[in-house]
Amino acid sequence: MDIETADLYARFGQAQLPFNYLALLILVALPLAAFVGFRVGSVEYRRLKYDKIPPAQVSDATSLGAMLALLGLLLGFAFSSVLNWRGERQSALVEETAAISSAFLSVDFLNDPGRTNLQNRILAYARTRLASPDDIRSKEAFQAFLGRTLEAQAEIWPATKRAMDETTSDPIRALVARSVMDMLDSHTRRIAAAAEQVPPTAQLMIFLTSVVAILIVGNRSALQGRQQTWRTFVFPCLLAVVMIMILDLDRSLEGAVRLNPDTMIATIHEMETALAASAR
C-alpha cells in the first residue's frame, strides 16, 4: 500500500482539530468574551461617567446591530451548507452500501473457487468502510484506517479478473465487471461527499466574529449601567450551542450527530450469513 495515497485521502476526511477540543473552546471563549467585555465596559463606565448619560443614548448601537446581523448571516449560511452536506454524505453511504450489496450478489453467477474468494474480498472491503471512534482518534489511526480500506480495495479488481474463467459467458462478465466498478466508483463519490466541509478559514472567521460580537454586547451592557447577572451569559451560551451544532453537523465521524451506518452494518451481516450458508 502506498502510504502517500493514504496521506492524500486523509486530507479529505480528517479535521484540523478534534471536535471535543473545538466544542470546549467555543463553550469557554464566548462566555469569557461576555465577561471581559462587561468588565472593560464597567471600568469605562466609571472613568467616563456614563452614569450621567441616559442608557438609550449610549453609543455603538449601530455597530452592535451590524455585527449581530453579520454574525446571523454567517451562521445561517454555515448551517444551511452543513445540513446539505450532511444529507449528501448519508446518501453517499447508502449508495455505497447498495453498490457493495449488488456487487456481492452479481458474483454469485461465477464459479468456485473464484466466486467464494471474490465474495470474501468484497466482504472484507465492506468491513473497512465502517470507521470506529478509535479510527479517528489521531492522525496516525486515521491513516491506518484509510490504509486498510485502500489495501482491501486494491485486491478486489485482480480477484475479479481471476474469478472469470473460460466458461464465464460475456454477459456474465459484463454484469460482474460493471457491478464491481460501480462499487469502486461509489467509494470515490463518498470521499468527495466527505470533502465538503466548512473551510478552516471560514470557521475561524465565524468564531472571531462571534467573540467580537459577544464582547461588544457585554461592553455595551455595562455602559448602560446594567448589573452583570446570569442573563449576561444566556446569549453567549445559546450562541455557543448553535455553533457547536453547526460544527457537529460538519463532522461525519465525531460528535453527537454522526452518520447512521445501519445500512452498511445490515449489508455486512447479510453477506456474512450468505457466505456461512454457502460453506455448509
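Only one of the numbered conditions (1) surrounded by 13 or more Cβ atoms within 10 Å (Cβ to Cβ); (2) in a helix (DSSP H, G or I); (3) out of contact with any His (no Cβ under 9 Å at 6 or more places or on another chain) is violated by Gln153, and that is (3).
Only one of the numbered conditions (1) of a type in the set (Gly, Ala, Ser); (2) farther than 30 Å from Asn117 by Cα; (3) modelled with pLDDT under 90 is violated by Ser210, and that is (3).
Of the residues Ala124, Ala144, Ala131, the single one that is over 20 Å from Leu175 (Cα atoms) and in a loop (DSSP other than H, G, I, E, B) is Ala131.
Among the residues of region 108-121, write down those that are acidic (Asp, Glu) and part of a helix (DSSP H, G or I).
Selection gives Asp108 alone.
Selection of region 90-105 for residues being surrounded by 16 or more Cβ atoms within 10 Å (Cβ to Cβ) and farther than 30 Å from Ala163 by Cα yields only Gln90. For region 189-248, what are the residues that are buried (at least 17 other Cβ atoms within 10 Å of the Cβ), within 22 Å of Asn20 (Cβ to Cβ) and among the small types (Gly, Ala, Ser)? Once the filter is applied, which keeps residues that are buried (at least 17 other Cβ atoms within 10 Å of the Cβ), within 22 Å of Asn20 (Cβ to Cβ) and among the small types (Gly, Ala, Ser), region 189-248 yields Ala194, Ser210, Ala240. Of the numbered criteria (1) modelled with pLDDT under 90; (2) over 25 Å from Ala69 (Cβ atoms); (3) not hydroxyl-bearing (Ser, Thr, Tyr); (4) not in a loop (DSSP other than H, G, I, E, B), the one Arg280 fails is (4).
Return the only residue of Arg220, Arg190, Arg231 being in a helix (DSSP H, G or I) and either closer than 13 Å to Ile26 by Cβ or at pLDDT 85 or above (or both).
Arg190
When region 234-280 is filtered for residues that are basic (Lys, Arg) and over 28 Å from Val212 (Cβ atoms), the ones remaining, listed by number, are Arg258, Arg280. Kindly indicate the residue of region 79-105 that is of a type in the set (Gly, Ala, Ser) and modelled with pLDDT of 95 or more and also nearest to Asp170 (Cα to Cα) among those meeting that condition. Across region 79-105, the extreme among qualifying residues is Ala103. No other residue among Ser63, Ser42, Ser59 is farther than 29 Å from His187 by Cα, of a type outside the set (A, V, I, L, M), at pLDDT below 90 and not in a helix (DSSP H, G or I) apart from Ser59.
I'd like the full set of residues that are of a type outside the set (D, E, K, R) and surrounded by fewer than 17 Cβ atoms within 10 Å (Cβ to Cβ), limited to region 129-142. Hits for region 129-142 are Leu130, Ser132, Pro133, Ser138, Ala141.
Can you find, within region 106-119, the residue that is farthest from the chain's Cα centre (by Cα) among those that are in contact (Cβ under 8 Å) with a residue 60 or more places away in the chain and either at positive phi or surrounded by fewer than 17 Cβ atoms within 10 Å (Cβ to Cβ) (or both)? By that ranking, first place goes to Phe109.
The values are calculated or read from the model by the stated rules, or taken from the named source; none is laboratory data. In this text the structure is predicted, and so the values were computed from the model without any measurement. Methodologically, a virtual Cβ is constructed for each residue, glycine included, from the backbone with ideal geometry; neighbour enumeration extends over all protein chains shown.
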